[in-house]
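Q: Once you've had a glance at the structure underneath, I'll fire off some questions.
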Amino acid sequence: MCGICGLVRQDGGPVERGLLEKMNNALLHRGPDGEGYYYHPGVGLAMRRLAIIDLITGDQPICNEDGTLWVVYNGEIYNFLSLRSELEKRGHHFKTRSDTECLLHLYEEYGDNCVDHLRGMFAFALWDEGAQRLLVARDRLGKKPIYYTERDGVFYFSSELPSLLLALRQAGASLDISLPAIDYYLSLQYIPEPYTPFEQVYKLPAAHRLVWQRGSCRLECYWQLSYSPKWSISEQEAASELGVRLREAVRLRLISDVPLGAHLSGGIDSSIIVALMAEASSQPVKTFSVGFEDEAFSELQYARLIAERYATEHHEFILTYGDVPATLEQLVRYLGEPLGDPSILPLYHLSRLTRQFVTVALNGDGGDEAFAGYQRYWLDPWANRYLWLPGAFTRGIVPALVRYLPDRADLPIGGSLANGFKRLEQISQIDPRASILRWGSYFTPRQKGQLWKQDQLAHLQVDNVETFITERFERAPAETFLDRTMYTDITTYLPGDLLVKADRMTMASSLEGRSPFLDHELAAWVARLPGKMKVRGLQGKVLLRKTFADLLPDQIQRRGKQGFGIPVSAWLRGPLVSWTREVLLDQKSPIMDWFNPEYIEKMLSEHISGRMDHGKRLWALAVLGMWSRTFVWDLR
């Protein structure tokens with residue numbers, strides 16, 4: 001696991017060593033165990049190393065036998081031992097025991113199609129000196145990040161946005177804020193790939209590769225998750241096959257030359273992963289959990305059930321509101337872009353605790369998206385039936401009536417009865433194909449219309465995010481509404497929010513996170529399972545629950561989806577009121593150029609008084625405010 005960065009010049013001129021070193025130093029947290037550089041006329045590659053596999057000879061950059069190919073790489077290739085064996089049979093010679101070196105020989109053998117042979121999480125940049133070309137690629141589901149831009153004949157890339165911005169600033173390149181990207185953030189709580197908050201700066205999308213050659217860039221998708229044709233298989237046969245496949249995914253992720261453990265939330269997904277780790281390990285599994293003083297949000301009691309059942313070496317951390325202001329300011333610097341998911345806080349503190357004991361932690365990420373764990377997957381059909389009612393009722397009378405009910409920001413379901421009725425307004429106004437927006441949007445188009453200043457709003461289309469989501473839904477290689485919705489989530493919400501959070505918060509603590517549910521071979525097999533094996537009635541994860549029922553206590557088996565949330569509404573109404581007001585209404589803040597302070601003040605007053613619950617909206621604005629202080633102030 002590492003951080004990588006570099007640049008190539010179209011004119012073949014020398015690379016400024018000081019600039020590349022600064023980019024690389026900004027990635028120190030991703031790789032505190034070492035650094036490496038490659039310089040050649042027109043190209044510079046760099047990396048920071050977190051040593052996981054081949055601790056002695058695994059340093060980078062690594063070259064092939066004749067020094068014509070050089071690579072820097074971030075991630076883990078779990079099938080590297082079998083790849084190495086095949087490549088050696090084809091006459092390739094290895095000088096290290098690392099998975100990184102496989103990339104060079106795969107490229108020699110298959111060219112750009114080398115990515116097709118990789119099973120794991122990765123982002124890499126490979127320089128072909130003979131062809132004067134750079135190949136940059138990212139794993140299929142988006143576990144590992146790459147940002148890039150091209151300015152004045154120079155192509156820059158880095159694992160993290162702050163590193164890239166540092167290089168652009170030193171080079172004197174312009175940096176303009178992308179207000180359409182900020183508008184996406186207001187709806188989604190993240191900025192979807194390929195966009196970033198800066199114009200002409202991009203994320204390489206998951207399952208994509210980019211080829212730069214003599215100033216020309218070519219971007220292409222090399223893999224797509226398909227939901228059809230469906231497997232013709234009984235539920236019992238599917239359960240047996242799932243047991244084999246998930247056990248293999250866990251086993252592959254136990255390969256490590258350093259200590260490893262697991263993040264244990266107490267939910268079904270992470271509990272299954274810990275159970276399978278215990279099954280495959282001769283030593284007690286080290287488990288790590290985070291909780292809150294507010295028991296409505298804390299899942300520690302469920303995590304303890306698994307820890308006790310499998311006699312794990314268990315560790316816990318309690319997050320309090322006092323940790324929020326200073327921690328959030330620090331996390332914004334790691335992220336480089338606004339991310340309004342409040343669970344970044346507990347995950348960061350959990351990762352810090354974990355890193356005190358291990359260097360690698362397995363987790364349950366991806367289980368909800370693969371097996372239909374979110375409530376909205378089974379709520380969507382009921383919402384669609386509601387839309388069969390006359391439009392005058394669903395779009396006129398009901399929205400007019402429910403507008404007077406308390407407004408809940410902690411979506412989707414599970415609050416008061418009024419909260420459920422309040423969703424009817426959003427259901428009637430949002431395209432059904434944009435499931436995540438009608439159940440989980442932070443700001444509706446109507447609210448964004450009041451938030452943005454009129455001079456800014458004139459240049460925006462606040463319903464663009466709905467178009468973005470529905471276009472992804474329509475492109476899905478799937479037949480059913482459920483499968484199209486799950487595909488949309490896996491290609492937007494998963495890489496845009498959940499995996500950004502997972503990567504940055506773990507790597508901020510120099511911790512590697514591994515996700516068995518995101519094994520692409522497992523994901524491809526699960527996608528083609530019939531929908532009835534995922535959602536049945538008012539329950540999701542049907543096959544997953546059945547397959548591993550004997551490994552889980554009844555209390556966990558029966559649990560619904562809780563999510564990795566924090567009591568943000570209570571904190572912003574209580575001990576963090578002053579902090580929230582200071583961040584959101586600071587007249588020197590860049591967000592004052594964008595938003596109406598009167599509307600923000602109205603939201604604050606309604607929230608503090610308890611008339612409305614704007615908790616997550618205010619949180620998203622606070623994150624945006626702190627981000628703008630850090631990354632926008634010096635651009636004004």
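The values are calculated or read from the model by the stated rules, or taken from the named source; none is laboratory data. Nothing here was measured: the structure is a model prediction, and the numbers come from that model. Ideal geometry is used to build each Cβ from the backbone, glycine not excepted, and the neighbour counts take in all protein chains shown.
Q: Got a sec? Which of GLY243, GLY291, GLY261, GLY266 is assigned to a loop (DSSP other than H, G, I, E, B) and of a type outside the set (Val, Ile, Thr)?
A: None of the others qualify; the one that does is GLY266.
Q: Additional query: Filtering region 78-137 down to residues that are under 23 Å from PRO516 (Cα atoms) and aliphatic (A, V, I, L, M), which residue is modelled with the lowest pLDDT?
A: LEU81
Q: In the list TRP579, TRP627, which residue meets the criterion of being within 24 Å of GLY440 (Cβ to Cβ), within 28 Å of the chain's Cα centre (by Cα), of a type in the set (A, V, I, L, M, F, W, C) and not assigned by TED's automatic domain parsing to the domain that holds TYR334?
A: TRP627
Q: Please go through region 283-321 and give me each residue that is at pLDDT below 90 and closer than 16 Å to VAL358 by Cβ, ordered by number.
A: Residues satisfying the conditions are VAL290, PHE317.
Q: In addition: Assess whether SER216 counts as being at negative phi and modelled with pLDDT under 95.
A: Criteria met by SER216.
Q: Would you mind telling me which numbered condition in (1) in the same structural domain as MET23 (by TED's automatic domain parsing); (2) at pLDDT 95 or above; (3) part of a helix (DSSP H, G or I) LEU186 fails?
A: Evaluating LEU186 over (1) in the same structural domain as MET23 (by TED's automatic domain parsing); (2) at pLDDT 95 or above; (3) part of a helix (DSSP H, G or I) leaves (1) as the failure.
Q: Of the residues GLU160, GLU199, which single one is within 29 Å of VAL632 (Cα to Cα), in contact with a helix residue (DSSP H, G or I) (Cβ under 8 Å, 6 or more places away or on another chain) and charged (D, E, K, R)?
A: GLU160
Q: Next question, about the same structure. Surrounded by 22 or more Cβ atoms within 10 Å (Cβ to Cβ) and closer than 30 Å to ARG611 by Cα, is that true of VAL526?
A: No: the conditions fail for VAL526.
Q: Now, a different point. Is region 483-500 home to any residue that is out of contact with any strand residue (DSSP E or B) (no Cβ under 9 Å at 6 or more places or on another chain), within 28 Å of SER441 (Cα to Cα) and of a type in the set (Gly, Ala, Ser)?
A: The answer is no, given that none of the residues of region 483-500 is out of contact with any strand residue (DSSP E or B) (no Cβ under 9 Å at 6 or more places or on another chain), within 28 Å of SER441 (Cα to Cα) and of a type in the set (Gly, Ala, Ser).
Q: Here is a further query. Here are some residues: ASP139, ASP128, ASP112, ASP116. Which one is surrounded by fewer than 24 Cβ atoms within 10 Å (Cβ to Cβ) and farther than 14 Å from VAL71 by Cβ?
A: ASP116
For every residue, the table says whether it meets (1) aromatic (Phe, Trp, Tyr); (2) under 26 Å from LYS501 (Cα atoms).
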residue: GLY172; (1), (2): no, no
residue: PRO180; (1), (2): no, yes
residue: PHE198; (1), (2): yes, yes
residue: HIS208; (1), (2): no, yes
residue: ARG218; (1), (2): no, no
residue: CYS221; (1), (2): no, yes
residue: VAL244; (1), (2): no, no
residue: ALA249; (1), (2): no, yes
residue: ILE255; (1), (2): no, yes
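Q: Output the qualifying pairs, or none if there are none: Cβ atoms under 9 angstrom, residues six or more apart or on different chains, first residue in region 73-86 and touching a residue at least 24 places away in the same chain (Cβ under 8 Å), second residue among the hydroxyl-bearing types (Ser, Thr, Tyr) and surrounded by fewer than 21 Cβ atoms within 10 Å (Cβ to Cβ).
A: Filtered contacts from region 73-86: GLU76/SER256.
Q: Considering only region 267-288, how many residues are out of contact with any Asp or Glu (no Cβ under 8 Å at 6 or more places or on another chain) and either touching a residue at least 24 places away in the same chain (Cβ under 8 Å) or more than 10 Å from THR312 (Cα to Cα) (or both)?
A: Final tally of qualifying residues: 14.
Q: Please report, ordered by residue number, the helices (runs of 4 or more DSSP H) entirely within region 506-621 with at least 2 residues that are free of Cβ contacts under 8 Å to residues at least 24 places away in the same chain.
A: Because the criterion is at least 2 residues that are free of Cβ contacts under 8 Å to residues at least 24 places away in the same chain, the helices (runs of 4 or more DSSP H) in region 506-621 that meet it are 577-584, 597-609.
Q: For region 180-195, check the following and say yes or no: at least one residue is among the polar types (S, T, N, Q) and without any contact (Cβ under 8 Å) to a residue 24 or more places away in the chain.
A: No: zero hits.
Q: Which one is farthest from HIS459 (Cα to Cα) among residues in region 595-626 that are of a type in the set (Phe, Trp, Tyr) and surrounded by 22 or more Cβ atoms within 10 Å (Cβ to Cβ)?
A: Among residues in region 595-626 that are of a type in the set (Phe, Trp, Tyr) and surrounded by 22 or more Cβ atoms within 10 Å (Cβ to Cβ), the one farthest from HIS459 (Cα to Cα) is TRP619.
Q: With the structure loaded, tell me whether SER228 is out of contact with any Cys (no Cβ under 9 Å at 6 or more places or on another chain), within 25 Å of MET486 (Cβ to Cβ) and not assigned by TED's automatic domain parsing to the domain that holds PHE548 or whether it fails that test.
A: Answer is yes for this residue.
Q: Identify the residue in region 207-232 that is among the aliphatic types (A, V, I, L, M) and touching a residue at least 24 places away in the same chain (Cβ under 8 Å) and, among all such residues, is farthest from LEU134 (Cα to Cα).
A: Applying the filter and picking the extreme gives LEU225.
Q: Right, another one. So, in region 437-460, exactly how many residues are free of Cβ contacts under 8 Å to residues at least 12 places away in the same chain and outside any helix (DSSP H, G or I)?
A: So the answer is 1.
Q: Pick from region 12-43 the residues that are part of a strand (DSSP E or B) and touching a strand residue (DSSP E or B) at 6+ places or on another chain (Cβ under 7 Å): which of them is surrounded by the fewest Cβ atoms within 10 Å (Cβ to Cβ)?
A: Once the filter is applied, the top-ranked residue is GLY34.
Q: Additional query: Of the numbered conditions (1) crowded, with 20+ Cβ neighbours inside 10 Å; (2) touching a residue at least 60 places away in the same chain (Cβ under 8 Å), THR312 satisfies every one except a single condition; which is it?
A: With (1) crowded, with 20+ Cβ neighbours inside 10 Å; (2) touching a residue at least 60 places away in the same chain (Cβ under 8 Å) applied to THR312, the lone miss is (2).
Q: If I go through region 548-566 residue by residue, how many of them are touching a helix residue (DSSP H, G or I) at 6+ places or on another chain (Cβ under 8 Å) and at pLDDT 65 or above?
A: Residues in region 548-566 being touching a helix residue (DSSP H, G or I) at 6+ places or on another chain (Cβ under 8 Å) and at pLDDT 65 or above: 10 in total.
Q: For region 202-224, name all the residues that are closer than 19 Å to ASP152 by Cβ, outside any strand (DSSP E or B) and of a type outside the set (Gly, Ala, Ser).
A: Answer for region 202-224, where residues must be closer than 19 Å to ASP152 by Cβ, outside any strand (DSSP E or B) and of a type outside the set (Gly, Ala, Ser): just ARG214.
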